[in-house]
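One structure below.
The values are calculated or read from the model by the stated rules, or taken from the named source; none is laboratory data. In this text the structure is predicted, and so the values were computed from the model without any measurement. When we count neighbours, we look across all protein chains shown, and the Cβ atoms used for this are built from the backbone with ideal geometry, even at glycine.
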2 protein chains.
Amino acid sequence: MIIRKLDQVEKTGVDIPGVKGITKQLVLGSSDGVPNFSIRVFTLEPGGHSPHHTHEVEHLNVILSGQGALMDESGAANPLIQGDFAFVAPHEVHQFRNTSETEDFVFICAVPKEYE
Amino acid sequence: MIIRKLDQVEKTGVDIPGVKGITKQLVLGSSDGVPNFSIRVFTLEPGGHSPHHTHEVEHLNVILSGQGALMDESGAANPLIQGDFAFVAPHEVHQFRNTSETEDFVFICAVPKEYE
């Protein structure tokens, strides 16, 4: 078994098209021996967002702190706050945004380990 | 996409041998269309614990509130507090315990959907 605290996990930048102000932490993943799913944590700074995109794998999300939104295909914003859970199905167009002007928006994004 | 708040999710008792004082919430699972992994939340009342057991699937855990311990095969206690992450590998003997005398111990336990 492995027990891990978030502040022990290295933060890396996310430099892909459509991303603004995001860092990533791979909290539990392939290198820990997970058989199926990996846990990543993303921190979006104020103004930060992910691409408005789609992919073949699902997301399982848990909001850890801050305030944000999960945008759907039409661009409609579903608000997210600490303690909320979200499921984004495979091939569903989506985008995460930090909607606070002062606070980071931090959330778990679990995915199949091949996509970690 | 689905957004869900924990207090919208029904709590059910867990009545299996070795369990004391646990309720379960299936926050995101097969009935929501998850392709691979399900998110469950367990609440252990003071004195509550899971069985000291093993199974063929892994756990991915995130501690939401309270104080507890993840016991290993030898019975050694690994303390867990809010914000901690844990990984229990397949076939690893383990037990979750609430170590507070006053507060609930609440944690996410994500598993392959077949085990939800």
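Below is a table of values for the structure above.
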| item | result |
| --- | --- |
| Meets criteria (among the small types (G, A, S) and free of Cβ contacts under 8 Å to residues at least 24 places away in the same chain) for A:A77 | yes |
| Within segment B:28-45, considering residues that are within 13 Å of chain A (Cβ to nearest Cβ), of a type in the set (A, V, I, L, M) and in contact (Cβ under 8 Å) with a residue 60 or more places away in the chain, the one surrounded by the most Cβ atoms within 10 Å (Cβ to Cβ) | B:I39 |
| Some residue of segment B:43-54 being at pLDDT 95 or above, acidic (D, E) and closer than 23 Å to A:I108 by Cα | no |
| Cβ-Cβ under 7 Å pairs, at least 6 apart or on other chains, segment B:86-99 side without any contact (Cβ under 8 Å) to a residue 40 or more places away in the chain and over 18 Å from B:V19 (Cα atoms), far side surrounded by fewer than 18 Cβ atoms within 10 Å (Cβ to Cβ) and of a type in the set (G, A, S) | B:A89/A:G33 |
| All strands (runs of 3 or more DSSP E) inside segment B:60-116 with 3 or more residues being within 11 Å of chain A (Cβ to nearest Cβ) and either surrounded by fewer than 19 Cβ atoms within 10 Å (Cβ to Cβ) or on the phi > 0 side of the Ramachandran plot (or both) | B:77-81 |
| Some residue of segment B:53-66 being charged (D, E, K, R) and within 14 Å of B:P112 (Cα to Cα) | yes |
| Selection within segment B:31-45 - among the charged types (D, E, K, R) and outside any strand (DSSP E or B) | B:D32 |
| Failed item, numbered, when B:G48 is tested on (1) within 13 Å of chain A (Cβ to nearest Cβ); (2) in contact with a strand residue (DSSP E or B) (Cβ under 6 Å, 6 or more places away or on another chain); (3) not in a loop (DSSP other than H, G, I, E, B) | (1) |
| Single condition A:K5 does not satisfy, out of (1) more than 11 Å from chain B (Cβ to nearest Cβ); (2) basic (K, R); (3) exposed (fewer than 15 other Cβ atoms within 10 Å of the Cβ) | (1) |
| Test result for B:H49, within 23 Å of B:E10 (Cβ to Cβ) and surrounded by 22 or more Cβ atoms within 10 Å (Cβ to Cβ) | no |
